[in-house]
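Report on one structure; see the data block that follows.
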Amino acid sequence: MTYRFLVTTTSLGQGGRELLAEAGCVVDYLDDANDVAEVEQRMSSVAYDAVISRTVELNAKAINACPTLKIICKHGVGVTNIDVVAATERGIPVLTTPATNAQSVAELTLALMLNCARRLPYFQQEVAAGRWTRSGDGEELQGKTLGLIGFGEIGRRVARFASVIGMQVAFFDPAAPVDGDFEGAQRCTSLDELLPLADVLSLHCPVTPKTRLMLNVQRLAQLPAHATLINTARGELIDEEALAAALQSGQLRAAALDTVTLEPLAADHPFRALSNLIITPHIGGSTPQALDAVAQSAARQCLAFLDNQQINPSACVNPQVLNRS
């Protein structure tokens, strides 16, 4: 049987392309990776069996417009762009590809930490403007404490990097096993315990009703004075107005975001005026190695489900649909 896939971006990693080609699948791509209307139009006019979802919104209108749709797999782990409720109502599993891009995201996290500590974007701009500004206001990270919200595959890798450069590590993750091996990291039982310790705070958790906007005015005020915030997880974890105010006032020394609540960042967003904020365009998992691994995982999981083979229920965000008769 020939399966038809929609990939909601303009391309797919080579490993995924090869798997789908070997299986004889027909694969369509978007002309515009950010066009919600194009997703809706294609799904209302083509009988797709599977969708591999990147970052553009996959809403209820699109999902319900495609009666043949059987499986959705996120190219990554965050599913805030997918209407999981609509998929669940249709009995459609929504899968993710956990751990496939963990190294790339962890390496970007380290890069952002170092850029904030040494203010590299500022010095690059000074050189580009013809100046040779040799101020000594960078910071060493050795001896400081890295606080991690989330201690899964990415968080653990970031912790190892931090330990190598001489940082202490503390984390909060209610999902971590009670008797786990935390490799020297200090486990905190609450955000209230973690935040006052974190000279650098890095986010590595999903968006849930409990975590959405969890870093608000009150929580940001619990961080040490002149702390740094790194977010390579999801923009919805942060109250952006509160973050902008904390950076403007100097309460926070710096922040670096690989993701914001609404992407792409609006031209008039207040973040654009902040000199102590680094923003990258959601590239944490966008290395050739990570993109290839994620694409392979997404393609493999979709094909397994369509062929009635065993899939990993822990990769399914709505596992209740797997138990339906």
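Side notes on the structure shown:
- Counting residues in segment 45-63 that are of a type in the set (A, V, I, L, M, F, W, C), farther than 19 Å from PHE305 by Cβ, surrounded by fewer than 21 Cβ atoms within 10 Å (Cβ to Cβ) and touching an Asp or Glu at 6+ places or on another chain (Cβ under 6 Å) gives one or more.
- Selection status of LYS61, over 23 Å from the mean Cα position of the chain (by Cα) and either of a type in the set (D, E, K, R) or closer than 25 Å to SER314 by Cβ (or both): yes
- Filtered residue count, segment 33-44, keeping only those that are modelled with pLDDT of 95 or more, among the hydrophobic types (A, V, I, L, M, F, W, C) and open to solvent by 10 Å² or more (accessible area, probe 1.4 Å): 2
- Matching residues in segment 255-305 - criterion: being touching a residue at least 40 places away in the same chain (Cβ under 8 Å) and open to solvent by less than 10 Å² (accessible area, probe 1.4 Å): ALA255, ALA256, ASP258, GLY284, ALA290, VAL294, ALA295, ALA298, ALA299, CYS302
- Some residue of segment 124-145 being touching a residue at least 40 places away in the same chain (Cβ under 8 Å), among the small types (Gly, Ala, Ser) and more than 30 Å from PRO177 (Cβ to Cβ): no
- If you filter segment 221-245 down to residues that are more than 16 Å from the chain's Cα centre (by Cα) and crowded, with 22+ Cβ neighbours inside 10 Å, you find that the one that is nearest to ILE154 (Cα to Cα) is THR228.
- Hits in segment 93-109 - residues which are at pLDDT 95 or above and surrounded by fewer than 20 Cβ atoms within 10 Å (Cβ to Cβ): GLN103, GLU107
- Those residues of segment 87-109 which are over 15 Å from THR287 (Cα atoms) and of a type in the set (Gly, Ala, Ser), in sequence order: ALA87, GLY91
- For segment 3-23, a tally of residues being open to solvent by less than 40 Å² (accessible area, probe 1.4 Å) and within 26 Å of ASN308 (Cα to Cα) returns 10.
- Listed here are the helices (runs of 4 or more DSSP H) enclosed by segment 118-213 that have at least 2 residues being at pLDDT below 95: 120-128.
- Residue check for SER314: at pLDDT 95 or above and either assigned to a strand (DSSP E or B) or not aromatic (Phe, Trp, Tyr) (or both): no
- Only one entry of VAL36, VAL51 meets the criterion of being closer than 25 Å to LEU322 by Cα and out of contact with any helix residue (DSSP H, G or I) (no Cβ under 7 Å at 6 or more places or on another chain), and that entry is VAL51.
- Put simply, of GLU236, GLU240 the only residue that is in contact with a Phe, Trp or Tyr (Cβ under 8 Å, 6 or more places away or on another chain) and modelled with pLDDT of 95 or more is GLU240.
- The residues of segment 134-158 that are surrounded by 20 or more Cβ atoms within 10 Å (Cβ to Cβ) and either of a type in the set (Asp, Glu) or in contact with a Leu (Cβ under 6 Å, 6 or more places away or on another chain) (or both), listed by number, are THR145, GLY147, ILE149, GLY155.
- A count restricted to segment 271-293 and to residues that are in contact with a helix residue (DSSP H, G or I) (Cβ under 9 Å, 6 or more places away or on another chain) and outside any loop (DSSP other than H, G, I, E, B) stands at 11.
- Taking each residue of segment 185-205 that is over 20 Å from GLY235 (Cα atoms) and looking for partners that are open to solvent by less than 30 Å² (accessible area, probe 1.4 Å) and at pLDDT below 95 with beta-carbon atoms closer than 9 Å, six or more apart or interchain, yields ARG187/ALA176; ARG187/GLY180.
- Looking across segment 181-208 at every residue that is among the small types (Gly, Ala, Ser) and either under 24 Å from ASP258 (Cβ atoms) or more than 24 Å from the chain's Cα centre (by Cα) (or both), the one that is most open to solvent (accessible area, probe 1.4 Å) is identified as GLY184.
The values are calculated or read from the model by the stated rules, or taken from the named source; none is laboratory data. These numbers come from a predicted model, not from an experiment. Don't worry about glycine lacking a Cβ; one is built from the backbone with ideal geometry, like all the others, and counts go over all protein chains shown. Side chains included, ligands, DNA and RNA excluded: accessible areas come from the protein's heavy atoms. Shrake-Rupley method; radii C 1.70, N 1.55, O 1.52, S 1.80 Å.
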